[in-house]
Structures are given as structure tokens and as C-alpha cells.
Amino acid sequence: MGLSNEHKVWTSESGGSVRFAWQTPVPEDGAWPSSFEDSLILTNLSWFKDKVDEKGALGSASRTVTKHSSPDDLNKALHKLLRGSFKKGDFAATLLEHLSSGEPLHCPAYISDALTWLEEELKPTNTGGQP
């Protein structure tokens, strides 16, 4: 936490770069997620609170969100849920169904930041006055 973008990038002798990304605290409540799933949930708490009637993994996650009001308790409960018999494939498929129907979900900041870096890395450069 607190590393500058330059310290998150490793560049090989041949010039290839790798940017490291990992979960960071979610600003709304300061919880520090330990997986993509809890980072996504903590980034979209109000969306998940509206999904308590869902079945399967999405419903389990949503009910966990509504049962725990303190950030610390919620973080612990999500950690326990996600390391139990939670079906990540079911969770992902259900999320994709909701996204494909136009429901908005926000990307966790650590992923968004890394994708922004990658986009900049992949932009063609203008060399020698050629477009």
C-alpha cells in the first residue's frame, strides 16, 4: 500500500514491462479485501444489498452484505464465506447475466488502475513524424 506507480512496475533488460496489482483498501469503509470477489463486493455494496432475493452464490454474498453493518465484521464474514464452499463460477456467471442486462457494477480500483496502465503501455507511439 502506498507504493507509487513506478514502484509497481518491473522492466526487464529487453524493455518488457510487468505491472503488479493487488487488492487495496476500499475507500468507502477502509476494508482491505483479500480476493477479487470481496473487492468487487466491497466496491459495490449498495448493488449487492439489492440482490438479497437472488439464489446461489450471488444471493449468499448479498445476504452476507446485509447482515453485517460494520466494515470489520463484513470483511471477516466475506473472508469466511469466500473461503468456504462458495461457488465462484456460479457467482461469476450470475454477475455476467446482470451485467449483460445493463446493470452497472464498478470495477475495483486496483484492477482499474492496472488496466489504465496497460492501455497506456499498448498505445502506439508516434515515431519519426509518422502517424
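Things to note:
- Angle between the chain longest axis and helix 71-82 axis [Cα atoms, degrees, rounded to 10]: 90 degrees
- Over 14 Å [Cα-Cα, segment 47-120], rounded percent: 68 percent
- Taking packing as the residue-averaged number of other Cβ atoms within 10 angstrom, the listed peptides 44-52, 115-123 run from highest to lowest as 44-52, 115-123.
- Within the shell of other residues whose beta carbon sits under 14 angstrom from the beta carbon of V52, the net charge comes to +2, with Lys and Arg scored +1 and Asp and Glu -1.
- For the chain: rounded, prolate or oblate by the Cα gyration tensor [a/c cutoff 1.5]: prolate
- Local net charge near A114, Cβ-Cβ under 13 Å (Lys/Arg +1, Asp/Glu -1): -2
- Computed from the Cβ-Cβ distance with R0 of 35 Å, the FRET efficiency linking T125 to E97 stands at 0.30.
- Using only side-chain charges placed at the Cβ, +1 for Lys and Arg and -1 for Asp and Glu, the dipole size of segment 1-113 relative to its Cα centre rounds to 380 debye.
- Backbone N within segment 14-46 under 20 Å of label point (7 Å from S4 Cα along the Cβ vector): 17-22
Computed from the coordinates by the stated procedures, all read-outs in this text should not be read as laboratory data. The model shown is predicted, which means the values in this text are computed figures rather than measured ones. For neighbour counting, all protein chains shown are included, and Cβ atoms are generated from backbone atoms with ideal geometry for every residue, glycine included.
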